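Step one of this worksheet: look at the structure below.
Every number here is computed from the coordinates shown, using simple stated rules; none is lab data. Note that the structure is a prediction, hence the values are computed from the model and not measured. Counting neighbours? That spans all protein chains shown, and the Cβs are built from the backbone with ideal geometry, glycine included.
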């Protein structure tokens with residue numbers, strides 16, 4: 001097995017889950033520690049169950065698998081997973097707050113995440129969060145976290161109305177490329193309203209749309225034409241709806257280039273080798289489309305563990321997809337993730 005921060009040796013082909021989340025236990029009162037008000041807090045209901053609260057509103061029930069390394073490792077053993085990438089839960093990003101408050105909350109949760117993952121040794125790989133609304137502070141916090149044992153960073157797919165082609169976010173992505181930090185992009189802060197606040201529609205339709213939009217922002221905003229090719233970036237949830245509608249984007253780029261091309265120099269399909277996506281699509285037919293569209297080197301197993309809309313057993317859709325060769329399956333389960341993590 002690998003030492004944290006270094007890839008496994010050539011004789012090891014571990015199954016890697018690149019998309020899991022952590023909710024540490026025991027964070028301080030965030031209003032007192034960071035300033036401001038309305039922060040999330042944890043209502044502890046028992047030793048193994050709690051509720052993330054936002055004010056007096058119940059946001060999400062969570063269990064010991066969110067903070068207890070032994071529980072995570074037991075679930076990994078049951079699912080045949082060797083390594084988890086452990087990322088923040090997006091509700092804590094705090095991009096809508098003053099940057100000084102976001103810096104403080106990022107430090108709190110990043111330090112707690114290292115404590116959680118340390119108990120799992122090299123099997124739990126921590127990713128940090130950063131105050132993305134302030135690119136200089138984001139770069140500084142990333143550097144601090146890399147020195148403290150984090151391997152990469154998870155970011156939300158937008159900061160208010162600023163998408164991933166915003167100049168400040170591009171500055172941060174460029175820094176990630178320069179220091180060799182992999183970036184995992186997770187959708188968050190989806191629009192609400194009467195049509196989206198039932199049936200978990202924000203998660204079922206908003207998340208795929210948000211991810212699709214931000215992939216387009218990197219392409220049509222000219223980001224991939226400007227940032228170093230060494231940038232390693234992966235999008236959650238199979239890249240959202242982008243892979244299914246790539247042909248539509250190409251068609252629009254050619255037929256309505258006056259409006260669609262933006263700052264890009266080539267059609268959207270020309271950029272699919274610049275980013276990766278996880279495999280949380282649940283059905284072999286969807287996975288086939290994903291592999292056909294993105295290529296067998298750009299799809300990585302992810303689960304969204306431990307949340308209920310994630311995949312369990314982890315990697316099930318990859319393991320049961322009979323159209324994959326043994327070599328392709330090994331890429332999706334292991335080798336693609338190791339290249340994403342370590343270059």
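Quick look at the numbers
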{"read-out": "Calculated FRET efficiency for the pair residue 226/residue 200, C-beta based, R₀ 30 Å, to 0.05", "value": "0.25"}
{"read-out": "Fewest-first sequence of 139, 128 by Cβ atoms within 10 Å of each Cβ", "value": "139, 128"}
{"read-out": "Residues 203, 67, 188 arranged by fewest to most Cβ contacts within 10 Å", "value": "203, 188, 67"}
{"read-out": "Distance between modelled label sites at residue 330 and residue 13, nm, 7 Å Cα→Cβ extension", "value": "0.3"}
{"read-out": "Cα pair distances in segment 196-264, grouped into 10 Å bins until the bin that holds the longest one, percent each", "value": "19, 42, 29, 9, 0"}
{"read-out": "Anisotropy class of segment 159-318 from Cα gyration tensor, a/c 1.5 cut", "value": "rounded"}
{"read-out": "Reciprocal of mean inverse Cα separation for segment 217-300 (Kirkwood radius, Å)", "value": "13.3"}
{"read-out": "Stretchable slack from residue 209 to residue 251, in nm (0.36 nm times residue separation minus alpha-carbon distance)", "value": "13.3 nm"}
{"read-out": "Paramagnetic reach from residue 322 in segment 277-296 [backbone N under 17 Å; point 7 Å along Cα→Cβ]", "value": "283-289"}
{"read-out": "Antiparallel DSSP beta bridges within the chain, percent to nearest 5", "value": "35"}
{"read-out": "Cα gyration tensor category, rounded, prolate or oblate, for segment 59-205 with a/c compared to 1.5", "value": "oblate"}
{"read-out": "Descending Cα extents along the principal axes, segment 1-133, whole Å", "value": "51, 33, 18"}
{"read-out": "Sorted by Cβ neighbour density within 10 Å, fewest at the top, the residues 34, 176", "value": "34, 176"}
{"read-out": "Spatial separation of Cα centroids for segment 80-99 and segment 202-268, in angstrom", "value": "23"}
{"read-out": "Spatial separation of Cα centroids for segment 282-308 and segment 146-160, in angstrom", "value": "22"}
